[in-house]
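Student: Quick one: the structure is below, and I'll ask about it shortly.
The values are calculated or read from the model by the stated rules, or taken from the named source; none is laboratory data. For clarity, every value in this text was computed on a predicted model and none was experimentally measured. With ideal geometry, Cβ positions are generated from the backbone for all residues, glycine too; neighbour counts draw on all protein chains shown. Each accessible area value is taken on the protein alone, full model and side chains, heavy atoms only, with ligands, DNA and RNA left out. Shrake-Rupley method; radii C 1.70, N 1.55, O 1.52, S 1.80 Å.
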Amino acid sequence: MMRIKVVNPNSTASMTALIGDCARAVAGPGVTVDAVNPPHGPASIESHADDAYAVPGLLQEIVDGEAAGYDGYVIACFGDPGLKAARELARGPVVGIAEAGMRTAAYLGRGFSVVTTLARTVGHAHDLAEEYGVARQCLGIHACEIPVLALETDPQARAKILRACEEALALDGSDAIVLGCAGMADLCHDLSAELGVSVIDGVAAATTTVEMLVRLRLRTGKLGEFAPHTRYQDA
Ligand code: 2AL
């Protein structure tokens, strides 16, 4: 029996429901996935300020999750907000969807492209690729210019994302596509079939990565940087 808490750090419940469905679809037998979002905070995360404002609510979900005894956590937003702080607060593994999506894509060939929401988020995604040591495999980051919440309402969203993926493959000569938003999670199989390359949903990649780490009994190093700080030990 294993329990994974998937935290959508934005406060949009409909997106959390989609994320939960996609995470549960890949979870193995005996793995329970609970998807949650903070009650307050930004409705979507598509700027540096959104990223920062989302972190307190996310960390509260980690603290509550520790009290409830979860084995590991997914941060289900492509900016991976609060990832290092969450790692410090949690006993078990914490994996971000940008991290898991890009690291998974690196297995699949020489390089991958990221297709994300707004152009203003491209710089942050690039910084994350560098931080995770996969910048050399990250051959391009492309925006489809759909705001996060419009993924649910824009009837053209799917077609626009498909076109951005086609352009990314042609321009970058990449071997795989990483979807740059948790709100795109449900599209990965259809896009894979249409494009003829693997399309990676970070929610699925991060959920299975947490599951793998827990099953292998691997956890965040707690001897130094990620040790619980005394100030938060009773949080
Ligand atoms: C995201 C995401 O995954 N969730 C959210 O609110 N914003 N990513 C993005 N690139 O806009």
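One line per residue, one yes/no per condition, for (1) in the same structural domain as GLU61 (by TED's automatic domain parsing); (2) not aliphatic (A, V, I, L, M):
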position: LEU83; (1), (2): yes, no
position: GLU88; (1), (2): yes, yes
position: THR104; (1), (2): no, yes
position: TYR107; (1), (2): no, yes
position: THR121; (1), (2): no, yes
position: ALA125; (1), (2): no, no
position: GLY133; (1), (2): no, yes
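Student: Can you tell me which of (1) touching a helix residue (DSSP H, G or I) at 6+ places or on another chain (Cβ under 7 Å); (2) within 11 Å of the ligand (Cβ to nearest atom) is the one ASP51 doesn't meet?
Tutor: All conditions are met except number (1).
Student: Another question about this same structure. (1) farther than 19 Å from PRO9 by Cβ; (2) open to solvent by less than 50 Å² (accessible area, probe 1.4 Å): which one isn't true of GLY92, the others all being true?
Tutor: (1)
Student: For the stretch 53-61, state whether one or more residues are in the same structural domain as GLU225 (by TED's automatic domain parsing) and either part of a loop (DSSP other than H, G, I, E, B) or modelled with pLDDT under 95 (or both).
Tutor: No, that holds for no residue.
Student: Which numbered condition trips up VAL114, out of (1) within 13 Å of the chain's Cα centre (by Cα); (2) part of a helix (DSSP H, G or I)?
Tutor: The number of the failed condition is (2).
Student: Can you pull out the residues in the stretch 30-41 that are out of contact with any Lys or Arg (no Cβ under 7 Å at 6 or more places or on another chain) and open to solvent by less than 20 Å² (accessible area, probe 1.4 Å)?
Tutor: PRO38
Student: Follow-up question, since we're still on this one. Pairs under 8 Å by beta carbon, first residue over 24 Å from ALA13 (Cβ atoms) in the stretch 152-167, partner open to solvent by 90 Å² or more (accessible area, probe 1.4 Å), six or more apart or different chains?
Tutor: LYS160/GLU145; LEU162/GLU194
Yes/no matrix, rows are residues, columns are (1) open to solvent by less than 90 Å² (accessible area, probe 1.4 Å); (2) among the β-branched types (Val, Ile, Thr):
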{"residue": "ASP190", "(1), (2)": "yes, no"}
{"residue": "ILE200", "(1), (2)": "yes, yes"}
{"residue": "VAL203", "(1), (2)": "yes, yes"}
{"residue": "ARG217", "(1), (2)": "no, no"}
{"residue": "LYS222", "(1), (2)": "yes, no"}
{"residue": "PHE226", "(1), (2)": "yes, no"}
{"residue": "TYR232", "(1), (2)": "no, no"}
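Student: Checking the conditions here, which among ALA119, ALA125 is under 20 Å from CYS165 (Cβ atoms), within 13 Å of the ligand (Cβ to nearest atom), open to solvent by 10 Å² or more (accessible area, probe 1.4 Å) and without any contact (Cβ under 8 Å) to a residue 60 or more places away in the chain?
Tutor: None of the others qualify; the one that does is ALA119.
Student: Here's something else I'd like to know. Can you pull out the helices (runs of 4 or more DSSP H) entirely within the stretch 143-235 that have at least 1 residues that are within 13 Å of the ligand (Cβ to nearest atom) and modelled with pLDDT of 95 or more?
Tutor: Ranges flagged: 157-172, 202-215.
Student: Determine if the stretch 149-164 includes at least one residue that is in the same structural domain as LEU139 (by TED's automatic domain parsing), open to solvent by less than 30 Å² (accessible area, probe 1.4 Å) and in contact with a strand residue (DSSP E or B) (Cβ under 9 Å, 6 or more places away or on another chain).
Tutor: Yes, that holds for at least one residue.
Student: For residues that are outside any loop (DSSP other than H, G, I, E, B), open to solvent by less than 20 Å² (accessible area, probe 1.4 Å) and either within 13 Å of the ligand (Cβ to nearest atom) or polar (S, T, N, Q) (or both), tally how many sit in the stretch 1-22.
Tutor: Counting residues in the stretch 1-22 that are outside any loop (DSSP other than H, G, I, E, B), open to solvent by less than 20 Å² (accessible area, probe 1.4 Å) and either within 13 Å of the ligand (Cβ to nearest atom) or polar (S, T, N, Q) (or both) gives 5.
Student: Looking only at residues in the stretch 96-111 that are open to solvent by 10 Å² or more (accessible area, probe 1.4 Å) and under 16 Å from the mean Cα position of the chain (by Cα), which one is nearest to the ligand (Cβ to nearest atom)?
Tutor: Checked the stretch 96-111; the qualifying residue nearest to the ligand (Cβ to nearest atom) is GLU99.
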